[in-house]
Amino acid sequence: MPVILITGASSGIGAALAQHYAAPGTTLVLNARGPERLEAVAEACRRKGAAVEARALDVRDRDGVRAWIDDVSARLGLDLVVANAGVNGGHPDGGLETEETAFLVLDVNLMGALNVALPAVARMAERGRGQVALISSLAAYAPLPDAPAYSGTKAALLAHGLALREKLAPRGVRMNVVCPGYVKTAMGADYEGWRPLEMSAEAAAKRIAKGLSRDEAVIAFPGLLAAAARGAALIPESWRRLGMRGFSFRMSERQQR
């Protein structure tokens, strides 16, 4: 009976992953900050036959998250942990990202992800098995000028995850980094700009689950955009800067409210 813990599970990729894995014989431990939307996802997963625990908790609460992870691990064990909770950055008018926004993104996307992943890694290493997935982005390879903090956190997760993967393998723990392109989510809809090869959250969840089952070190998709993002680091800087101009964006009026 697999036990799967997913943060940021109230919407987007997190919710899609929860419903993808929901089935009789599976226990889902779901987290998000907002209890109402989280419970709606949990109930949908229960209707598919999964046993579900829902916990409203801010991943920035390091002590609270560690206690939660330790409790779940002791009671149920943990087979898969997906550190998915995250926020976008940027500026409402496409201007320079503020310090307040930048540090919020750093606290949630990087520190919040590690607040979840590192205690899980420690418990799994003790047991000699388990799997942890860090949700990064193709922005880790091709930083977005309009989202520097977001791009920086995703690059840090990619580097941290790949480094940990090498250390954890002899201990029976698998570490994977997920680098999606554009995915149709409520968070993504708040940003206006070109979103090439955008896919549904459900399609993204299927690709992620497939990559995790294969233990792919980096699960990067869609393939064409992933190849372009990875190649961006190999071309002259002037070409890269020119190419990235097409990926500029600004917040929608709904996000500004």
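The values are calculated or read from the model by the stated rules, or taken from the named source; none is laboratory data. Treat the numbers as computed from the prediction; the structure is a model and nothing was measured. Positions of Cβ are backbone-derived with ideal geometry, glycine not excepted, and every protein chain shown enters the neighbour counts. Ligands, DNA and RNA are stripped out before the accessible areas are found, and what is left, the full protein with its side chains, is counted by its heavy atoms. Shrake-Rupley method; radii C 1.70, N 1.55, O 1.52, S 1.80 Å.
Below is a table of values for the structure above.
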read-out: Matching residues, the range 68-82, being over 17 Å from ASN115 (Cα atoms) and crowded, with 17+ Cβ neighbours inside 10 Å; value: ASP79
read-out: Residue within the range 123-132 that is under 14 Å from GLY8 (Cα atoms) and surrounded by 23 or more Cβ atoms within 10 Å (Cβ to Cβ) present; value: no
read-out: Filter result for the condition that a residue is modelled with pLDDT of 95 or more, surrounded by fewer than 16 Cβ atoms within 10 Å (Cβ to Cβ) and out of contact with any Phe, Trp or Tyr (no Cβ under 7 Å at 6 or more places or on another chain), over ALA15, ALA42, ALA85, ALA23; value: ALA23
read-out: The range 184-214, subset under 16 Å from VAL82 (Cβ atoms) and open to solvent by less than 40 Å² (accessible area, probe 1.4 Å), residue modelled with the lowest pLDDT; value: THR185
read-out: Members of the range 28-39 that are buried (at least 16 other Cβ atoms within 10 Å of the Cβ) and within 13 Å of GLY14 (Cβ to Cβ); value: LEU28, VAL29, LEU30, ASN31, ALA32, ARG33, ARG37, LEU38
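Conditions (1) open to solvent by 20 Å² or more (accessible area, probe 1.4 Å); (2) at pLDDT below 95, marked per residue:
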residue: ALA169; (1), (2): yes, no
residue: CYS179; (1), (2): no, no
residue: TYR182; (1), (2): yes, yes
residue: ALA217; (1), (2): yes, no
residue: TRP239; (1), (2): yes, yes
residue: LEU242; (1), (2): yes, yes
